[in-house]
Every structure is written in C-alpha cells, then in structure tokens.
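Take this structure first; my questions come after.
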Amino acid sequence: MTPPTTGLPAENTTDNNDHLVQSDDPEHPANLIPSLCAKFWTLGWVTGTGGGASIRDDDLVYLAPSGVQKELMKPSDIYVLSLAAQAQSLSRRQRVYLRSPPVYKPSQCTPLFLAAFTKRNAGCCIHTHSHWAVLVTLILEQQRSKEFRINNIEQIKGFGKGFQKSGNLGYHDTLVIPVIENTAHEEDLTEFLEEAMDKYPDTYAVLVRRHGVYVWGDNVHKAKTQCESLDYLFQLAVEMKQLGLPWITDIEPTIPTRKD
C-alpha cells in the first residue's frame, strides 16, 4: 500500500514515493508536464509562475506545483494524488497526496483540474494566463456577456462536439465558451467552474474573467490541440474586434456543383 502525504515537503514524510515521478518514458505524465509547460512558457501562456497543467493516468493524477517557473520545472517537482481518494476527503483544502516534491506547495488550480477529471472524465487539463484569453473576457465584459461565441471559422473544427459525443464541430457550427468571474483565491473558482460545466455540458473550456482559461480533453493530445486552437481563435477574435468584424456571421453553406 502506497502511504499518502499531506502536501508537505518531502522531508516531513517517511516515504515520499519518488518512484511515481521517475521514468525514462518521455510520455510519462511526470515528464510530459514539464515538457508541455516549457512549451507553453514560450507562447506566453504560463509566465511568472502562473498557469499549469495536470494529467490523469487512470486513478493517478499528476499536477504541476505552485510557485515554480514553468520553463524550469522538473519531474521531481510534480505532485501525485489518487483521484478516488479525493472523493473521501472532507475538505478540498485538506488533500492527501501520494507524492509531494521536496519544495513548493500544491497548486490552487488542483480542485479545478479535478473537476475536469471527475465531471468530464478528462485525461488532461491545462490552465493558461494567455493575454488573448484575458482580452476576450474584457471585450465580453464591455458587452455584459458571459459567453464567447464564434462561427464560420475553419479552426472551430479543432473542437469535439461535446462530452460523450463523437466527431468534431464543423466550419458553420458555433463554438460557445462560458465565462465565469474571477475570485481572489483561485481554488474558490471551483464551484463556479463546475456550475459552468453543468450549464454547458458540451464545452471543453471555461474562460475566467481578467484571468485566463481552463481547457481539457480526453487525453494530452486533445487538450493541447484544443488549447492551441482556442488561443488562435481568441487572438483572431480580438483582431476582428479591432477591425469592426463580427464574431457571428450568417453564411450559407456552399454546395459544390457536380460535373457529369
């Protein structure tokens, strides 16, 4: 039986289960998270220790810690917990970890990542502080809107139709991303994120006003590609707004003419 820890530094535990983050496989979650975060840092998504990522491997959940410079993160910095054990926890603030790093503290993003795993059965959840995401929420704030909506853009095809649905959205479909208000403490966003997931069962992302975005997917590949597609659409939307172009348009589908 793997003994748990409470998220305290490793020196306060008798067995820190370091084997959970030690692997030569580049696809191992403990190796993937630092690799992904280093790439996200180059995109400006996780600057100043902000943002993060989490990967679920069956019952094990691997999490980037709080306060780490994402481009310098190492596998030894990763937290690991049991997803099933969290259902038995009496408090979100008293989580039990199977493995804790020798420094750093658990991320306040943890309960939001877990929401994606428990409510959507996601395999990966990414949180970015993309300035394009923040700008979109500011534009929507001026419009008194709590939804980002865009259609008739090719990149929309990068998103699935919804939870437990097969296939992806089409060019003419409307992508809808809910917006929740920011809170002083990130973990306090959890109930609002969960409410948005319930209200928008087909969404793969939730924007946080003046803060950033949470994006999830069935696996690392899908979460990453959807996060990239969404950031592209956010940038496009901001630039469309500057040009006075609408995000929602009425374009009739083009039917190709068959030649005999």
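The values are calculated or read from the model by the stated rules, or taken from the named source; none is laboratory data. The model shown is predicted, which means the values in this text are computed figures rather than measured ones. In this analysis, Cβ positions are derived from the backbone assuming ideal geometry, glycine residues included, and neighbour counts consider all displayed protein chains. Surface accessibility is based on the protein's heavy atoms, side chains included, excluding ligands, DNA and RNA. Shrake-Rupley method; radii C 1.70, N 1.55, O 1.52, S 1.80 Å.
When you scan the range 220-239, do you find a residue that is in a loop (DSSP other than H, G, I, E, B), closer than 17 Å to THR137 by Cα and open to solvent by less than 50 Å² (accessible area, probe 1.4 Å), even just one? Before you say what the answer is, go through the steps one by one.
Just the residues of the range 220-239 that are in a loop (DSSP other than H, G, I, E, B), to begin with: none.
No, because not a single residue in the range 220-239 is in a loop (DSSP other than H, G, I, E, B), closer than 17 Å to THR137 by Cα and open to solvent by less than 50 Å² (accessible area, probe 1.4 Å).
Tell me, which residue of the range 163-193 that is of a type outside the set (A, V, I, L, M, F, W, C) and part of a helix (DSSP H, G or I) is nearest to PHE117 (Cα to Cα)? Explain how you work it out, then say what you get.
Step one: filter the range 163-193 for residues of a type outside the set (A, V, I, L, M, F, W, C), giving 164-168, 170-174, 178, 181-183, 185-188, 190-191.
Retained after the next criterion (residues that are part of a helix (DSSP H, G or I)): 186-188, 190-191.
Working: GLU186: 18, GLU187: 16, ASP188: 18, THR190: 13, GLU191: 15 Å.
Across the range 163-193, the extreme among qualifying residues is THR190.
Could you tell me whether VAL134 is touching a residue at least 40 places away in the same chain (Cβ under 8 Å) and either surrounded by fewer than 24 Cβ atoms within 10 Å (Cβ to Cβ) or farther than 30 Å from LYS165 by Cβ (or both)?
On the way: touching a residue at least 40 places away in the same chain (Cβ under 8 Å): yes; either surrounded by fewer than 24 Cβ atoms within 10 Å (Cβ to Cβ) or farther than 30 Å from LYS165 by Cβ (or both): yes.
Judged against the criteria, VAL134 is a match.
Checking the structure you have, find out if any residue of the range 241-251 is under 22 Å from HIS129 (Cβ atoms) and either at pLDDT below 95 or out of contact with any helix residue (DSSP H, G or I) (no Cβ under 7 Å at 6 or more places or on another chain) (or both).
yes
Now for a separate question. Say whether the condition of being in contact with a Leu (Cβ under 7 Å, 6 or more places away or on another chain) and assigned to a helix (DSSP H, G or I) is met by at least one residue in the range 194-211.
For the range 194-211, residues in contact with a Leu (Cβ under 7 Å, 6 or more places away or on another chain) and assigned to a helix (DSSP H, G or I): absent.
Sticking with this structure for a sec: When CYS125 is evaluated against the numbered criteria (1) within 20 Å of GLU194 (Cβ to Cβ); (2) outside any helix (DSSP H, G or I); (3) at pLDDT below 95; (4) of a type outside the set (S, T, N, Q), which criterion, by number, is the only one it fails?
Result: CYS125 fails condition (3) only.
Just the residues that are open to solvent by 50 Å² or more (accessible area, probe 1.4 Å) and either farther than 23 Å from THR47 by Cα or aromatic (Phe, Trp, Tyr) (or both), please, taken from the range 110-131. Spell out how you get there, then give the answer.
Initially, the range 110-131 is screened for residues open to solvent by 50 Å² or more (accessible area, probe 1.4 Å), giving 118-119, 121, 129, 131.
Across the range 110-131, the qualifying residues are THR118, LYS119, ASN121.
How many residues, within the range 149-159, are in a helix (DSSP H, G or I) and open to solvent by 70 Å² or more (accessible area, probe 1.4 Å)? Let's see the steps before the verdict.
Pass one, the range 149-159, residues in a helix (DSSP H, G or I): 154-158.
Now drop any that are not open to solvent by 70 Å² or more (accessible area, probe 1.4 Å), which leaves 154, 157.
Residues meeting the conditions: 2.
Among the residues of the range 56-69, is any within 26 Å of THR183 (Cβ to Cβ), crowded, with 19+ Cβ neighbours inside 10 Å, in contact (Cβ under 8 Å) with a residue 60 or more places away in the chain and under 17 Å from the mean Cα position of the chain (by Cα)?
Within the range 56-69, one or more residues are within 26 Å of THR183 (Cβ to Cβ), crowded, with 19+ Cβ neighbours inside 10 Å, in contact (Cβ under 8 Å) with a residue 60 or more places away in the chain and under 17 Å from the mean Cα position of the chain (by Cα).
Can you list residue pairs whose Cβ atoms sit under 6 Å apart, with the first residue in the range 110-125 being touching a residue at least 60 places away in the same chain (Cβ under 8 Å) and the second being surrounded by fewer than 21 Cβ atoms within 10 Å (Cβ to Cβ) and outside any helix (DSSP H, G or I)? Count only pairs 6 or more apart in sequence or on different chains.
PRO111/ARG92; ARG120/PHE163; GLY123/ASP218; GLY123/ASN219
Continuing with the same structure: Scan the range 160-194 for residues that are small (Gly, Ala, Ser) and open to solvent by 60 Å² or more (accessible area, probe 1.4 Å) and report the count. First the steps, then the outcome.
Applying the first criterion (small (Gly, Ala, Ser)) to the range 160-194 yields 160, 162, 166-167, 170, 184.
Subset that is open to solvent by 60 Å² or more (accessible area, probe 1.4 Å): 166, 184.
Of the residues in the range 160-194, 2 are small (Gly, Ala, Ser) and open to solvent by 60 Å² or more (accessible area, probe 1.4 Å).
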